[in-house]
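Asker: My questions all concern the structure below.
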């Protein structure tokens, strides 16, 4: 369980670095359609926090029927506040887990209505991996905007936090 807690600390650390980088953008840059998986920096961040919310709810035994609407996430401030809410709930959830929970099968419904089941620890690792994937996209989007993105490498996290 210590590994998962450390991975989620890393995930937050890396996401905060990109939220801070996004805070340096003007509104037009933040919402400019750069023709990526999600059109803009803001859209990518909104997707990331939405995915973390979906998985958190699945871990808690709920199966959201759809991805949360990003309509209320029209500003970086709104996205950052949603991340804070999700991260707070993630920390509370992680605090309840024992080592045995990592292997516990978790059954949930996909958006299609189909049932799936995986060990909880693997689903949690998926969330961190998903974040890493989209942080890579954000780095590219920031470069397309002429910015120098922050490093979000795991080894940098270890060095900076003394882990």
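Asker: Given 97, 110, 123, which one is buried (at least 16 other Cβ atoms within 10 Å of the Cβ), in contact with a strand residue (DSSP E or B) (Cβ under 8 Å, 6 or more places away or on another chain) and more than 19 Å from residue 41 (Cα to Cα)?
Answerer: One residue alone meets the criteria, 123.
Asker: Further question: Checking the conditions here, which among 63, 75, 37, 88 is in contact with a strand residue (DSSP E or B) (Cβ under 6 Å, 6 or more places away or on another chain) and at negative phi?
Answerer: Just a single option satisfies the conditions, and that option is 63.
Asker: Could you figure out which of (1) part of a helix (DSSP H, G or I); (2) out of contact with any helix residue (DSSP H, G or I) (no Cβ under 8 Å at 6 or more places or on another chain) isn't true of residue 107?
Answerer: Just one mismatch for residue 107, condition (1).
Asker: Take the stretch 62-94 and flag every residue that is over 17 Å from residue 16 (Cβ atoms), modelled with pLDDT of 95 or more and out of contact with any helix residue (DSSP H, G or I) (no Cβ under 8 Å at 6 or more places or on another chain).
Answerer: Result: 92, single match.
Asker: Here's something else I'd like to know. Restricting attention to the stretch 113-123, does a residue exist that is assigned to a helix (DSSP H, G or I), at negative phi and over 19 Å from the mean Cα position of the chain (by Cα)?
Answerer: Checked against the condition, which is being assigned to a helix (DSSP H, G or I), at negative phi and over 19 Å from the mean Cα position of the chain (by Cα), the stretch 113-123 yields no hits at all.
Asker: Regarding residue 148, is this residue closer than 24 Å to residue 20 by Cα, in contact (Cβ under 8 Å) with a residue 40 or more places away in the chain and not in a helix (DSSP H, G or I)?
Answerer: No: the conditions fail for residue 148.
Asker: Of the conditions (1) part of a loop (DSSP other than H, G, I, E, B); (2) modelled with pLDDT of 95 or more, residue 134 clears all except one; give me its number.
Answerer: Here residue 134 clears every test but (1).
Asker: Next question. Which of the residues spanning the stretch 17-29 are buried (at least 16 other Cβ atoms within 10 Å of the Cβ) and either under 28 Å from residue 155 (Cα atoms) or in contact with a strand residue (DSSP E or B) (Cβ under 7 Å, 6 or more places away or on another chain) (or both)?
Answerer: Once the filter is applied, which keeps residues that are buried (at least 16 other Cβ atoms within 10 Å of the Cβ) and either under 28 Å from residue 155 (Cα atoms) or in contact with a strand residue (DSSP E or B) (Cβ under 7 Å, 6 or more places away or on another chain) (or both), the stretch 17-29 yields 17, 18, 19, 21, 22, 25.
The values are calculated or read from the model by the stated rules, or taken from the named source; none is laboratory data. The model shown is predicted, which means the values in this text are computed figures rather than measured ones. Neighbour counts run over all protein chains shown; Cβ positions are idealised from the backbone, glycine included.
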